[in-house]
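A short write-up of the structure that comes next.
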């Protein structure tokens, strides 16, 4: 299975949703959505449902929708559970989606975003991405080395 897998997460899985987006997975997350609306969207868009809600799990099973009942509290364990249940590999497309709104990011030249980031970042970074929906700017800062190492560990590819 690859990043073509698309997810929809219930309101209890905000942090997991962000990390799935970091990994490049199309992951919808709403702070408020009814179970019926979530199920309808999952069915219409062929999304795997991620939930901690046993009632939602039961409803999704009645509709034969692919659902993972998340049993862990910490996002790291939650991500590991999803990775293991779907046999996912370490993503090659890290930080290709907006962490806030899930929109695919577009590469931009620094001249296009120079008023939106600190001067230090403009001087030290070469690659920038922009969310065309919400306008947030992203760049692979120094924290990305550690983040990639954490992801490799979670995906079982580094001891």
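Taken together, the values in this text are just the output of simple stated rules run on the coordinates, not laboratory data. Please read these numbers as outputs of a predicted model, since none were measured by experiment. Cβ atoms come from the backbone with ideal geometry, glycine included; neighbour counts cover every protein chain shown.
Just a few scattered comments:
- Relative to the current alpha-carbon distance between residue 106 and residue 76, full extension at 0.36 nm per residue lengthens the span by 8.1 nm.
- For the range 42-103, the percent of C-alpha pairs falling in each 5 Å distance bin, counted from 0 to the bin holding the largest distance, reads 4, 15, 19, 23, 25, 11, 3.
- Gain upon complete extension [residue 62, residue 44; 0.36 nm per residue less C-alpha separation]: 4.9 nm
- Cα gyration tensor of the chain - equivalent ellipsoid semi-axes, whole Å, descending: 31, 19, 12
- Convex hull volume of the range 6-86 per residue (C-alpha atoms, cubic angstrom): 80
- Extension gain, residue 30 back to residue 145 (0.36 nm per residue minus Cα-Cα distance, nm): 38.5 nm
- Counting other Cβ atoms within 10 Å as a rough exposure proxy, the listed residues 138, 7 run 138, 7 from fewest neighbours to most.
- In terms of surrounding Cβ atoms within a 10 Å radius of their Cβ, 149, 126 rank from fewest to most as 126, 149.
- Estimated purely from DSSP H runs of n ≥ 4, each contributing -39500 (n - 2.57), the mean residue ellipticity at 222 nm for the chain is -11000 deg cm²/dmol once divided by its residues.
- The simple spin-label model puts a point 7 Å past each Cα toward its Cβ; for residue 12 and residue 152 those points are separated by 3.4 nm.
- Listed peptides 19-32, 93-106 appear in the order 19-32, 93-106 once ranked by packing, highest mean of other Cβ atoms within 10 Å at the front.
- The ranking of 108, 48, 145 by Cβ neighbour count inside 10 Å, starting from the fewest, reads 145, 108, 48.
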